[in-house]
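The values are calculated or read from the model by the stated rules, or taken from the named source; none is laboratory data. These figures come from a predicted structure and were not determined experimentally. Note that we place each Cβ from the backbone using ideal geometry, even for glycine, and neighbour counts take in every protein chain shown.
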Amino acid sequence: LLFCYLHTKLIYFVSGSADPGPVPDGVIRLYGMRFCPYVQRARLVLIFKEIKHEVVNINLKNKPDWLFEKHPLGLVPSLETPDGKIIYDSPIVCDYLDEAYPGNKLTPEDPYEKAQQKMLLEHFNTELIKKNTPYFGGKSISMIDYMLWPWFERLHMSDVTE
């Protein structure tokens with residue numbers, strides 16, 4: 001996490017806040033909310049791939065109007081490049097980062113392995129959407145989330161079809 005703080009500029013924006021302006025050269029900007037699990041996905045990829053970035057945190061209960069220029073529904077995460085390109089929705093943002101930036105690859109090259117990972121992710125996303133909560137246990141983290149996390153960390157070490 002130290003790496004995150006060294007390469008992240010924390011800014012908080014609410015309704016009425018001015019747009020943060022252009023993204024500096026050599027940096028990518030992530031619009032998010034500090035405790036959002038979908039934003040955390042993108043932050044983990046940014047950190048793992050050692051991509052120089054800044055984070056613009058949004059108050060999601062009091063969103064600035066300009067956020068809707070970064071995502072048509074005013075959701076996070078959204079990613080902005082120095083040339084003004086916008087990418088949004090966490091799986092798409094993460095795929096973009098993995099493909100656009102060299103170094104450590106997160107997506108398997110083998111199409112079957114890639115499909116297996118996408119199916120597993122879709123299953124868990126579907127369950128979270130059914131619950132309409134950010135965590136398996138509800139609106140805040142609970143025991144089930146902590147019980148599942150160690151397995152997620154180790155998925156890369158096993159064949160998920162076994």
Residue list for the range 13-42, restricted to those being touching a His at 6+ places or on another chain (Cβ under 8 Å) and over 30 Å from GLY137 (Cα atoms) = VAL27, ILE28, ARG29
Yes or no: GLU109 acidic (Asp, Glu), out of contact with any Asp or Glu (no Cβ under 7 Å at 6 or more places or on another chain) and over 22 Å from TYR31 (Cα atoms)?
-> yes
Residues of the range 122-138 satisfying the condition of being in a loop (DSSP other than H, G, I, E, B) and among the hydroxyl-bearing types (Ser, Thr, Tyr) | THR133
May I ask you to say which residue of LEU148, LEU121 is free of Cβ contacts under 8 Å to residues at least 40 places away in the same chain, surrounded by 12 or more Cβ atoms within 10 Å (Cβ to Cβ) and over 18 Å from the mean Cα position of the chain (by Cα)?
-> LEU148
Of (1) surrounded by 14 or more Cβ atoms within 10 Å (Cβ to Cβ); (2) over 27 Å from GLU122 (Cα atoms), TYR101 satisfies every one except (2)
Search the range 9-26 for residues being touching a strand residue (DSSP E or B) at 6+ places or on another chain (Cβ under 6 Å) and at pLDDT 90 or above, and hand back the single one that is surrounded by the fewest Cβ atoms within 10 Å (Cβ to Cβ).
-> PRO20
Taking the stated definitions as given, is PRO64 on the phi < 0 side of the Ramachandran plot and over 12 Å from the mean Cα position of the chain (by Cα)?
-> yes
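Kindly indicate the residue of the range 47-57 that is modelled with pLDDT under 95 and in contact with a helix residue (DSSP H, G or I) (Cβ under 8 Å, 6 or more places away or on another chain) and also surrounded by the most Cβ atoms within 10 Å (Cβ to Cβ) among those meeting that condition.
Checked the range 47-57; the qualifying residue surrounded by the most Cβ atoms within 10 Å (Cβ to Cβ) is VAL55.
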Hey, among the residues in the range 74-106 that are of a type in the set (A, V, I, L, M, F, W, C) and touching a helix residue (DSSP H, G or I) at 6+ places or on another chain (Cβ under 6 Å), which one's farthest from LYS52 (Cα to Cα)?
-> VAL76
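What about PRO77, is it in the same structural domain as GLY16 (by TED's automatic domain parsing), under 28 Å from GLY138 (Cα atoms) and in contact (Cβ under 8 Å) with a residue 40 or more places away in the chain?
On the way: in the same structural domain as GLY16 (by TED's automatic domain parsing): yes; under 28 Å from GLY138 (Cα atoms): yes; in contact (Cβ under 8 Å) with a residue 40 or more places away in the chain: yes.
Judged against the criteria, PRO77 is a match.
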